[in-house]
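The values are calculated or read from the model by the stated rules, or taken from the named source; none is laboratory data. From a predicted model like this one, the values you see are computed outputs, not experimental measurements. Every residue, glycine among them, receives a Cβ derived from its backbone with ideal geometry; neighbour counts consider all protein chains shown.
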Amino acid sequence: MNPREATGYLCLVVFAEPPVLDSAQRRLPIRPKCLLAGFLAPRAFALAVLAVCSFAGPSAEAPSSQQPPFPAQSQRPDQTKPLEDKTVTAAPLQQPTATEMSKKETVASAFLRGLQYQEYEVRSAAEAMPEEKYGYRPAEGQFKNEKPQFGPAEVRTFAQQVKHVACSNFGFAAELDGQKPPEGCDKDGPSPAKTKKELLIYLRDSFAAIRKSLGATDSKNMFDPIEGPYAGPNTRLGLATVVIWHAADHYGQMLLYLRENGIVPPASRPNPPELKDAY
């Protein structure tokens, strides 16, 4: 087939109308509207095709112009595996109003509500960090010559953050209960916990201990004096506030460790997972 024949054939394919059926279902012949195009010079037909393509081009490219300038969320490198939303089929929990809450509120319930948030944030962060990253610390090798009054010279590793919060919880609980607290919680403390599993158990048990001690606070003893190396001298009420902000303080550091390793903190996810009871 020579170029002129090929040009005419393409034109018939593009511009010919489809077959038309009459009332007797007889196929009528095609009525070509573009037979003359078969005799056009190839250059002229090429210009016509370019004109058609130019007209159709913008509509074909329009959808791509609506794409966001950043990858889809599922393609982001820090995107974690989608979590199962267990509330889809269950009725949403109805939060009490402030008026309803005030009718049942006690000193202990107010503090335990705040502690519940902090326990979830800290423990879920500890669960989310892979064990091979428990030795991670920002600014590795720096600040070795510092001599702080409390805490290590260098920035704590993630494992040390977990251990410090756990040891401190046990220390606060002991002071609230009038017992001797563990020593050296500003360093690594006396616990031999080292692996991720051991540290998660240590952390879980520490929150159980501090919940029990805070739960014993009431309007009669909240101003009782508290002595001890951790936030003492203080009152029972004053120490209770330290318990809350101390956990929040270290969670603020731990979440940065997670983010720096490409992990979204569970508390920041659309459907936060439940804490584990056993490890």
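Below are the figures for this structure:
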quantity: Identity of the residue in region 164-201, part of a helix (DSSP H, G or I) and free of Cβ contacts under 8 Å to residues at least 40 places away in the same chain, that ends up nearest to Lys133 (Cα to Cα); calculated: Glu198
quantity: For Arg236: the one exception among (1) charged (D, E, K, R); (2) over 33 Å from the mean Cα position of the chain (by Cα); (3) over 30 Å from Lys104 (Cα atoms); calculated: (3)
quantity: Matching residues, region 96-151, being exposed (fewer than 14 other Cβ atoms within 10 Å of the Cβ), in contact (Cβ under 8 Å) with a residue 60 or more places away in the chain and β-branched (Val, Ile, Thr); calculated: Thr106
quantity: Exclusive hit being under 21 Å from Arg269 (Cα atoms) and modelled with pLDDT of 65 or more, set Tyr136, Tyr120; calculated: Tyr120
quantity: Checklist (1) charged (D, E, K, R); (2) buried (at least 17 other Cβ atoms within 10 Å of the Cβ); (3) modelled with pLDDT of 95 or more applied to Arg156, failing item; calculated: (3)
quantity: Which numbered condition Tyr251 fails, given (1) hydroxyl-bearing (Ser, Thr, Tyr); (2) part of a helix (DSSP H, G or I); (3) farther than 28 Å from Ser268 by Cα; calculated: (3)
